[in-house]
Each structure stands twice: as structure tokens, then as C-alpha cells.
1. Using only Cα atoms, locate the centre of the stretch 1-76 and the centre of the stretch 78-134, then give the distance between them in Å, rounded to an integer.
2. Straight-line reach from LYS396: which aspartates and glutamates fall under 17 Å, measuring Cα to Cα and dropping same-chain residues less than 8 apart?
3. In deg cm²/dmol, rounded to 500, what helix-only [θ] at 222 nm does the chain give when every DSSP H run of at least 4 residues adds -39500 (n - 2.57) and the total is split over its residues?
4. With the full set of protein chains in place, find how many percent of the accessible area of the chain is carbon and sulfur; take the probe as 1.4 Å.
5. Taking the Cα centre of the stretch 251-343 as the origin and placing charges on Cβ (Lys, Arg +1; Asp, Glu -1), which of SER269, GLY338, LEU304 is farthest toward the positive end of the dipole?
6. Determine one quarter of the surface area of the Cα convex hull of the chain, which equals its mean projected area, and express it in nm² to one decimal.
7. Amide H of ASN344 versus every other amide H placed in the peptide plane: which residues, excluding those fewer than 5 positions away on the same chain, fall under 5 Å?
8. What residue among PHE246, TYR91, GLY32 has its Cα farthest toward the positive end of the dipole of the chain, where the charges are +1 on Lys, Arg and -1 on Asp, Glu, each on the Cβ?
Amino acid sequence: MTTQEVRLCGLLLQEHFGNVVEKVGTHLIRSGVLTLRALAHETKLPLDLVKKSLCVLVQHGMCTFGAGRRGPAGPVEYRINCEHVFHMLRYPRYIYTAKSLYGDTGELIVEEILQRGHMTMSSTVKTVADRLTHNMPEGQSMDYSEVVSVFSQLVETHFLQRCPPLASAGSSSSGAVDTPLPVATQPTEPESHPDCYKLPYINLTGQGKRRRSSEDGEADQCAAKKARTDNSECGDDDGIYWQVNFQRFHLHFRDQAIISAVSCKLDQSSSEIVRTMLRMSEGTTPAHAAFTQALSANEIFRALLSRSPDARPILDQYLSLLVDDPMEFVGKTGDSGGGMYVVNLHRALANLARATLESVVQERFGSRSARIFRLLLRKRHLEQKQVEDFAMIPAKEAKDMLYKLLSENLVQLQEIPKTPDYAPSRTFYLYTVNQLPTARLLLQHCYKTVGNLIERRLYETKENKRLLEKSQRIEAILASLQATGAEAAQLTEVEEMITVPERQQLESLRHHINKLDSSENQVDETIFLLKSYINSTQASR
């Protein structure tokens, strides 16, 4: 773990769970593996607080545990899962994706499970139905069956999966206690469980309940207690918990990025063909595969919405265009069935990462530096004189730009001596760009940028804490008065409790916070692309 990754993990833990969990999590990241007693001793926190912090991290899948170095008879050791901590950056994107695919019901299901780490199906259905009913007009309510249907769709498309069972059922209650265990209690991987996507049979009948307006103020305080009560009720699915399948969301994000790139490079029809190929092969292609499963042109034609006879020659032309395109998003592997075609996932991610690197260089150093950078990516190795000639840039400017890129580690210099003594007069100096190390460098810059954005947002919120609390109190009073049918004069009087300068300051603060949130999401998209490319490159080796 680099310094920037540790810093970002700490900021995310602090923002979502508080200072105590942040301290425990950060210390685990730096130390690697620790027992409960050692963790409490080194952090100088009470043992009870450390236990609760570990329970929170385990609940959200960010901490794993199991038999230690002394074997099954020794104390349990804990290890933090940094990748799952970074997933918190993408929570808004997961929720928005669920909303775009499955509507408001899917959005609330994913949001509830992300907030609580894992939940039973019955508890999730009841909570989501109550929330939807509360936002409906008076007299309307949400049936449990509708929420169950959307939950089933999320499981069928693998966006939700069962939590893996513990290796030892008898030791499930001792996950946060530093005592010897007979066997390792670390859960197995979800995909290795045979019933990972098997829905339990639950008999839920009824409708969501509307929360009274007088209970709104107490709702937040009772949320945790209600969750414990719901989970403790014995139901048909008691003990069967569900969690968000982050890998499935990431595959969806990757596919959408590839489809968008094809649409920008060629046209909408080409992107629809690639979308169809990805959709047809998503169930049979492994997560880290370099290519999708091969599909025949006949299968692709049958899967497309257009079935007119005139569309088949057009499809063949588009497939030939995609295969001949220099970006190499689609490849041809055979001639049977009208031609066998695959989507080159690794090549697509490499091209997306390359476009990201070129964009960063252009924004930071200008279009001429970006021209040199693209030239080195294409030609691999060039001397300074060759760079000047190919890029058509004056020698002095080309030299300055190359040295500036070299100082930022975006360009590397390779020495090839003619003689063993490395004499400068008898040595070739070749400039080159290594895409994988450069992507790793940019990824660290992105981690630093997101950390700075989070710190700035927390600072802005802390500086204007009094004004935000006042605004929330007034909004709560207005909501209460509106629910009781107050007159317009009363509502106006309450609204005027915030002065004009305070209102302007509040608008400015919200504008800045929205810009910071939007920037975080945009940088996270870059992080996702670079991380996907790095993982794909490592898996293909």
C-alpha cells in the first residue's frame, strides 16, 4: 500500500464510520495482520471499542479474519481488505446504476444493503416497501410482491449475491473475540458457494407502512434499533444474508465504457452491435478474461432487435468495419456461422487507458506535448532528433517538452551503448513511454486528488456547521407545519428565520459541495479505468 492509498482509505473510513473505526482500520492497513489484543494495545483504544470497530468492518466486508500463524489453536487474526474500502468511493455510482436499470425500487434495495453491509431478503423488502410507501401520495402503498420481484431480478442478473457461510457454524459468534478457534472462521469466496444466487422461498404478503409525521424526528435515532429488530425476527430466510456483488457492477461499468468508446469512435449502430455481443457473452465470459466468448454472425443477427432481411448485409459490413478498425475492439476468430467474432476486452481497456493518459498530458502540458506523447506511444523508441522531425516542433521547444515530461516520469529515457564504457558520444539515448508504469503513476495521482477533494469537502462542511444545522432545523419545522396544514403566513415567517446573507452563503456552500462531489465521481471514473487496465494486464500475463 502506498502513502496515498493509506491516506484515502483513512479518509473514507472516517467519513462513513467515524474516527474510531478510521484509527483501527488505518492501523490494520499499516500493520498487515494483527490479533484483537495486539490491535487494542497498539492503538491504545479500549478493547470494547476495538471489538465494535472490527464488527463494523466485518459487517461491510472490509475486514477478513481467520486462523493465525499459530494454526487453528491460536488466536484469530484480522486483515483489512483495502479494495472493499475503495468501493465506498463508488457507492453513488452503484446506486445510480441500480436506479437506471431497475427504477426507484432497485435504487433503494442497493442503497439499504450498502448502508448496512448485508441484510436478509425479508428485512430488505419490508424496509424498502416502507420507504416507498412513505413517499407515495396519501392512500397509496407499495406491495411487498413488487419489491420481491425487483429483488429477484437483481439476484438473477448477479448484482446481489448471498454472503458466504462461515467455515464453522459454531464459532460465528466469536468473530470479534480473541480466543482460540477449532477451525478457521474466515468465510469462503461467494462464487464458490453453490447457492450463491439461489433465492430462498419466503411468504411475504402485505404492503409497506406509512410513517407518521410525528415519528420523523425519531426515525434516525431508531434506525439501528429497528434494523436489529428486523434481523432478529425469525423468518423463512433467517440466517440467509445478501450483499452487493461489486464485481458484477464493475463488469457493467467496463461494458458501458467500451460501448461509449465505440459510439464516439464510429456510430450508434456499431455500439449497439458491441452491446449485443457483450450482453450475449456476459454469462459465459470469466471476469478477468482477455476476450469474450466467440459468437457467430448468425447469433448476433438473431439477438439484434432488427430482423429485416435487408439488415443482414448491413450487419456484415459493420462487423467488418469493427474488425478493421485500428482500435481493435472486435476481432474475428473464424469463418463458421457467417464468421466468429469476439470483443477484445484487454485491447479495449488498453485503448481507454491510453486515451486517458493522452488527455491528462494535453490538459497539463498542452497540445504539443500531447503530440510528442502520442508519437512515442506509437513509435515506441525515438531519439530526440527523430522526435523533432516527426512531431514537426522546433528543437528547443521539443527538448524542453521532453525534459518536462521526463521530470514528471511520463516519459522514460533508455540508454543503448555502442561500447561497454557507456561513453556519451558512443551511446544512443532513446525516449519511450511505458504505458503500464505510467498508468500506475497516474493512478496514484488520482488517489491523491480524491483525498484532497474529500478533505476540502469535510473542511467546508466543518466551517459552515452552524449554518447547516440551522438550515436543517428550519427545514424540519417547515415539513412539520406543512404536514399539519399550517397557513402560508406561518410558513413564510419560519422561512424568514434565515437572513438573506445566510441564504446566499448557504447557496454558495451547496454549489461548492456539489462541484466537489461531481469532481470526486469524475476522478473515480478515471481510477476505475486505470485500475481495470492494470488488472487486465496482470491477468493476461
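1. Going from one Cα centre to the other spans 23 Å.
2. Output for LYS396: GLU383, GLU388.
3. Details: 21 runs with 331 residues, N = 541.
Dividing the helical sum by the residues of the chain leaves -20000 deg cm²/dmol.
4. Values: 14580 of 28780 Å².
Solvent-exposed carbon and sulfur of the chain make up 51 percent of the total.
5. It is LEU304, whose Cα lies furthest towards the positive end.
6. Values: hull surface 143.9 nm².
Approximately 36.0 nm², given one-decimal rounding.
7. Under 5 Å from the amide H of ASN344 lie the amide H atoms of VAL330, GLY331, each far enough along the sequence or on another chain.
8. GLY32
The values are calculated or read from the model by the stated rules, or taken from the named source; none is laboratory data. Bear in mind the structure is a predicted one, so any value in this text is a computation, not a measurement. Note that we place each Cβ from the backbone using ideal geometry, even for glycine, and neighbour counts take in every protein chain shown. The protein model used for the area step is the full one, side chains on, heavy atoms only, and it has no ligands, DNA or RNA in it. Shrake-Rupley method; radii C 1.70, N 1.55, O 1.52, S 1.80 Å.
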